[in-house]
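Accompanying notes for the structure given below.
Here, each number is a calculation from the coordinates, and none is a lab measurement. None of the values given here were measured: they were computed from a predicted structure. Using ideal geometry, Cβ is built from the backbone for each residue, glycine included, and neighbour counts are taken over all protein chains shown.
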Amino acid sequence: MNEHLLKILIVGDGNVGKSSFVHRYVNGQFNKTYKMTMGVDYSVKVLLWSDKEKVRLQIWDIAGQERFISMNRIYYKGALGCVVMFDVTSSASFLSCCHWKRDLDNKAMLPNGDSIPCILLANKCDLAQRVVFADSIDRFSKANGFVNWMEVSVKENKNIGEAMRRLVQQILSIQ
Ligand code: GDP
């Protein structure tokens with residue numbers, strides 16, 4: 001069996017749901033009070049991609065270091081894919097995605113010099129007090145070179161696996 005090791009980054013402002021997302025995806029749980037320890041850490045998830053291929057995801061969450069906005073290059077080193085996340089009830093977190101994407105493109109690239117595949121995730125779509133809507137997300141996603149965007153709710157387990165599958169699919173298609 002062929003095994004791919006893929007380093008994936010999760011970035012975005014504090015409180016948008018990054019740690020919850022990783023926890024949900026890796027452990028299948030949502031816990032309201034869950035908070036990862038401070039500092040860069042990674043979680044591992046293994047996917048049986050096909051009968052010939054296995055994918056080992058190394059998922060790096062920047063929990064607790066969002067205040068730096070500009071992350072250390074070490075964090076980006078060797079990354080093959082990225083999730084930029086915002087909270088649909090916070091327009092500030094949506095605006096920040098521009099900085100997160102720029103920081104990523106400045107510090108990480110594929111061995112051939114291309115930017116790494118990046119998916120934009122609009123989290124907390126279960127909440128009624130939403131202020132960021134599909135038309136502006138779609139425009140922003142296209143204008144800033146995201147491979148795709150999706151609405152997710154970590155709380156309701158909506159589109160979590162699907163979003164990661166799309167990102168992995170994109171990464172493998174250019175390997
Ligand atoms: P991080 O700082 O980006 O890692 O965000 P956290 O994972 O710590 O989540 C911040 C807060 O948002 C926590 O109280 C979570 O329970 C909550 N949260 C995360 N995802 C969702 C979601 O999809 N819907 C709702 N309603 N709350 C969420």
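Tell me, Kirkwood radius of the chain from alpha-carbon pair distances, in Å? Walk me through the numbers on the way to the answer.
Details: mean 1/r = 0.0618 Å⁻¹.
Value: 16.2 Å, from the Cα pair sum.
For the chain, CYS97, CYS98, CYS125 have no disulfide-compatible partner, since no other Cys C-beta lies under 4.7 Å from theirs.
From the C-alpha gyration tensor of the range 100-175, pull out the three semi-axes of the equivalent ellipsoid (sqrt of 5λ each), sorted largest to smallest, in whole Å.
Working: eigenvalues 121, 47, 19 Å².
In descending order, the three semi-axes are 25, 15, 10 Å.
Ignoring lysines fewer than eight residues from LYS45 along the same chain, the ones with Cα atoms less than 17 angstrom from its Cα are LYS7, LYS18, LYS54. If a spin label sat at a point 7 angstrom from the Cα of LEU110 along the line to its beta carbon, the backbone N atoms of the range 121-147 nearer than 19 Å would be those of 142-147.
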